[in-house]
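Report on the structure given below.
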Protein chains: 2
Amino acid sequence: MTLFWVKGYSATSLKDLEQALQMRPGSIYAAFRSKEALFRAALDLYAGRMEAELTAMIADAPSALTALRSYLLSLGGLDHCEKPSTACMLVKSLLEIQMDRPELRNVVLAHLETVRRLLAQGFARAVAAGELPQDADPARLARRMQTYVFGLKIQAQRETDPEAMQRLAQDLADEISDLRRAA
Amino acid sequence: MTLFWVKGYSATSLKDLEQALQMRPGSIYAAFRSKEALFRAALDLYAGRMEAELTAMIADAPSALTALRSYLLSLGGLDHCEKPSTACMLVKSLLEIQMDRPELRNVVLAHLETVRRLLAQGFARAVAAGELPQDADPARLARRMQTYVFGLKIQAQRETDPEAMQRLAQDLADEISDLRRAA
DNA sequence: TTATTACTTGAGCGATCGCTCAAAAACCTT
DNA sequence: AAGGTTTTTGAGCGATCGCTCAAGTAATAA
């Protein structure tokens, strides 16, 4: 998963995978059907963890809105050391995979949609808890939040100044907070 | 350029390039030094156009802030037909190119920095024109704006509902407008 | 026209790609 | 230990990769 995450699908060769998995080609093709199927498994693993993390983060917090805000803030502290890549594997895959591989693309799209739905659930909880106006549209807010996350993780990929990243995450998190007092 | 834009660097083969350029391998390697150098030329062409477009958009408009807002709004109408890809070639390249190709990476980073600087100039003009508070930080606003653009273009890559995209762009554009009355 | 230079061609190089499969090794069961 | 089953192995397949270069073609100069 880490290998695919960092190098992308087509830039990861079977030689790389053999070394990372400590398996010989025959075993790899016995366990998975193909390189594409292996990649799909890696995608599922990655997305599953992300979805679990997001679910827990929202469910455990007393305030859903604060949890969402904290998540954005945490992206501002993304270190290049703690994780294989600061960029999102789903986004990297979305940009790499073309229409000529519809199956893979649909897997990516499905996971992105699941994440968006989780975010929408969080916003819906915030609305139900009275943290947001009753007429706020969770789906719309979720799409906006996800757009922030996309942008933030890409900025993290290029930004070298930690303070600038921190400020940026703060600015975006404030947008979420400001929804509270918005009409 | 279009080929690299759509397929990415490593997924574009010389056979593809031969057909697109209507040149045989020898001529390609006489005109450019290598596949990497050709890609660099494509990057420069793409970024140059984007930078020119952005410069003109800001310079021609009576209000810099309105121009920046309009730019975000226009991203909401990105059609999958009019352009080769709705995603930004610079971002795609940033996510694809690893540290093991520092030259290419630096080219991408330099172009992204140039775009950010152009946006900062736009915000600086807005401050000078009194459209924004005097203590607004153009560099910070530019980084935020660029983050919006990154996120929007990625959403455009997956979103199928034009209305949702339009609403999303509207939401983000409104964030820029709201800066006017912010303290 | 002929000699010289500049450019184009495409066969094909060595390397690597994703992948297969017969043989070997490891693991059971009796 | 012996026989049967499952798993692992790695040599190597055909295809394609980025790239080279001797030979051929076109353009220019004398």
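The values are calculated or read from the model by the stated rules, or taken from the named source; none is laboratory data. Everything numeric here is computed off the predicted structure, so don't read it as measured data. FYI the Cβ positions are ideal-geometry reconstructions off the backbone, even for glycines, and counts take in every protein chain you see.
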Query raised in the report: Would you pick out the residues in region B:7-37 that are touching a helix residue (DSSP H, G or I) at 6+ places or on another chain (Cβ under 7 Å) and over 14 Å from residue B:93 (Cα atoms)?
Result: B:14, B:16, B:17, B:18, B:20, B:21, B:24, B:25, B:28, B:32, B:35
Query raised in the report: Given the structure, is residue B:66 in contact with a His (Cβ under 9 Å, 6 or more places away or on another chain) and either touching a residue at least 60 places away in the same chain (Cβ under 8 Å) or surrounded by fewer than 20 Cβ atoms within 10 Å (Cβ to Cβ) (or both)?
Result: no
Report summary line: Sole miss for residue A:57 among (1) more than 16 Å from DNA strand C (Cβ to nearest atom); (2) hydrophobic (A, V, I, L, M, F, W, C); (3) touching a residue at least 60 places away in the same chain (Cβ under 8 Å) is condition (3)
Report summary line: Checked region A:136-183 for anything more than 19 Å from the chain's Cα centre (by Cα), more than 23 Å from residue B:115 (Cα to Cα) and at pLDDT below 95; matches are A:175, A:177, A:178, A:179, A:180, A:181, A:182, A:183
Query raised in the report: Can you tell me which of B:120, B:124, B:142 is touching a Phe, Trp or Tyr at 6+ places or on another chain (Cβ under 7 Å), more than 9 Å from every other protein chain (Cβ to nearest Cβ), of a type in the set (Gly, Ala, Ser) and assigned to a helix (DSSP H, G or I)?
Result: B:142
Requested in this report: Looking for whichever is touching a Ser or Thr at 6+ places or on another chain (Cβ under 6 Å) and touching a residue at least 24 places away in the same chain (Cβ under 8 Å) here; the options are B:84, B:162, B:133. Which one fits?
Outcome: B:84
Report task. Kindly provide the set of residues from region B:101-117 that are closer than 17 Å to residue B:34 by Cα and within 12 Å of chain A (Cβ to nearest Cβ), ordered by number. Result -> B:101, B:105
Query raised in the report: Which of (1) within 16 Å of DNA strand D (Cβ to nearest atom); (2) in contact with a Gly (Cβ under 8 Å, 6 or more places away or on another chain) does residue B:36 not meet, given it meets every other one?
Result: (2)
Query raised in the report: For residues in region A:160-174 being crowded, with 20+ Cβ neighbours inside 10 Å and more than 8 Å from every other protein chain (Cβ to nearest Cβ), which is farthest from residue A:92 (Cα to Cα)?
Result: A:173
**Report entry** Flag for residue A:75 being away from DNA strand D (no atom under 16 Å from the Cβ), within 14 Å of chain B (Cβ to nearest Cβ) and among the aliphatic types (A, V, I, L, M)
**Finding:** yes
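For every residue, the table says whether it meets (1) within 16 Å of DNA strand D (Cβ to nearest atom); (2) among the small types (Gly, Ala, Ser); (3) assigned to a loop (DSSP other than H, G, I, E, B); (4) exposed (fewer than 15 other Cβ atoms within 10 Å of the Cβ).
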position: B:40; (1), (2), (3), (4): yes, no, no, no
position: B:45; (1), (2), (3), (4): no, no, no, yes
position: B:79; (1), (2), (3), (4): no, no, yes, yes
position: B:91; (1), (2), (3), (4): no, no, no, no
Query raised in the report: So which residues in region B:1-28 are under 22 Å from residue B:98 (Cβ atoms) and basic (Lys, Arg), if there are any at all?
Result: B:7
